[in-house]
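The values are calculated or read from the model by the stated rules, or taken from the named source; none is laboratory data. Worth saying up front: this structure is predicted, and the values here are computed from it rather than measured. Cβ placement follows ideal geometry from the backbone for every residue including glycine, while neighbour counts extend to all protein chains displayed. Surface areas here come from the heavy atoms of the whole protein model, side chains and all, with no ligands, DNA or RNA. Shrake-Rupley method; radii C 1.70, N 1.55, O 1.52, S 1.80 Å.
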Amino acid sequence: MKQKKTHLVVSFVALAALVGFVALVARTGYGRAQTEAQATAARPLALAPERRADESAPAAPAEKDAHAHVHADEKGASLFAAAAARNLLLKYELSWAFGGKQQRGWHLYTPLISRMIAMEGGASAGDFAEALSLWQKRSRLQPSGVLDGETLYRMVSEWQGARLKHKAHARPEELLLAPATDFYDPTRPEGLRHVERETYAAYKRMVAAAAADPTSGLRLTAAGDIAPAELFLKIVSAHRSPEYQARLRAQSPNSGRAGLAVNSPHFTGRALDLYVGGEPVETRDSNRAIQVQTPAYRWLVRNAERFGFRPYYYEPWHWEYVGAAAGAAK
Ligand SMILES: [Zn+2]
């Protein structure tokens, strides 16, 4: 009898806890996705290393998505409203890992993700989930419309798989000396201004196309040339010798595997770091959040492939020339 009573009390406490938990989720489960309560509701988070950086990141996209979601609900039209609500949370809270580093959310990759699932422009969150489900189906994943860890890892492996495969170090005759005016730092010494020849030609064609396209946001002179003060799409870094890379690594020994690679694609002369805003080559989430919002970066995401360039998804500034054939094949 006593045992039964204890059992009842335990059940009641468990029920009360559950009710409290559900109430907490219901109260916080609407709108902005960045509260700790929601993070806890979503999954037990191991750690939150970038909390400060995330908080300083622009909140506007979350607000916009929240409104889009409300709109979709009002219409009652979207079958993917539940997936959209989940995406709104995971966008900032999904816990995953890359390069031995814990990562949080996939909001930094939304331009690349939108391109991958062919959902360009200001689509509502429901439309995003629907387009994602079609991509998941093509990729033989569960077509849930939810951008979960499995889906994100699949996308990462596609981005990584599209990168430069030809890793041979550039021979001196394959390199040309680019003019200082192409560089973010016009005082960059000659020894650090070499680019593989085809890559450079493709880069110049790409920048000319960007200048001719107002959506790139590049500032022009009255004659239609890129304004001398314009820094966007200037080259921050191109060919690096293994010796120079070793010096960079020695200067920042804690940059990790996702940082300064031992076997860098910059050895080929076909990798370009281009200025896309913020601190030129700095991986903090708060910096990358600035970079992925700039018109120049978004223009690259939409157009660089036409010129044979593929992104390194993790570094918005890093683009690799895989060749015109590969670029045109799609
Ligand atoms: Zn790079």
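Among the listed residues ARG205, ARG219, identify the single one that is open to solvent by 20 Å² or more (accessible area, probe 1.4 Å), of a type outside the set (Gly, Ala, Ser) and touching an Asp or Glu at 6+ places or on another chain (Cβ under 7 Å).
ARG219
Residue check, PRO295 against (1) under 17 Å from THR110 (Cα atoms); (2) in contact with a Lys or Arg (Cβ under 7 Å, 6 or more places away or on another chain), all met but one. Which one?
(2)
Any residue in region 194-205 that's among the charged types (D, E, K, R): show its pairings with residues that are surrounded by 15 or more Cβ atoms within 10 Å (Cβ to Cβ) and part of a helix (DSSP H, G or I) at Cβ separation under 6 Å, as long as the two are six or more apart or on different chains.
These pairs meet every condition: GLU196/GLU174; ARG205/PHE307.
Can you tell me which residue among PRO311, PRO295 is on the phi < 0 side of the Ramachandran plot, modelled with pLDDT of 95 or more and within 14 Å of the ligand (Cβ to nearest atom)?
PRO311 is the lone residue from the list that is on the phi < 0 side of the Ramachandran plot, modelled with pLDDT of 95 or more and within 14 Å of the ligand (Cβ to nearest atom).
Which condition breaks for GLN136 when tested against (1) under 19 Å from the mean Cα position of the chain (by Cα); (2) surrounded by fewer than 19 Cβ atoms within 10 Å (Cβ to Cβ); (3) not acidic (Asp, Glu)?
For GLN136, the exception is condition (2).
Can you name every residue in region 260-279 that is within 12 Å of the ligand (Cβ to nearest atom), open to solvent by 10 Å² or more (accessible area, probe 1.4 Å) and either under 15 Å from the mean Cα position of the chain (by Cα) or small (Gly, Ala, Ser) (or both)?
Selection gives ALA261 alone.
Would you be able to say whether some residue in region 146-157 is over 26 Å from MET116 (Cβ atoms) and open to solvent by 60 Å² or more (accessible area, probe 1.4 Å)?
no
Hey, can you tell me all the residues within region 160-193 that are touching a Leu at 6+ places or on another chain (Cβ under 7 Å) and part of a loop (DSSP other than H, G, I, E, B)?
TYR184, ARG193
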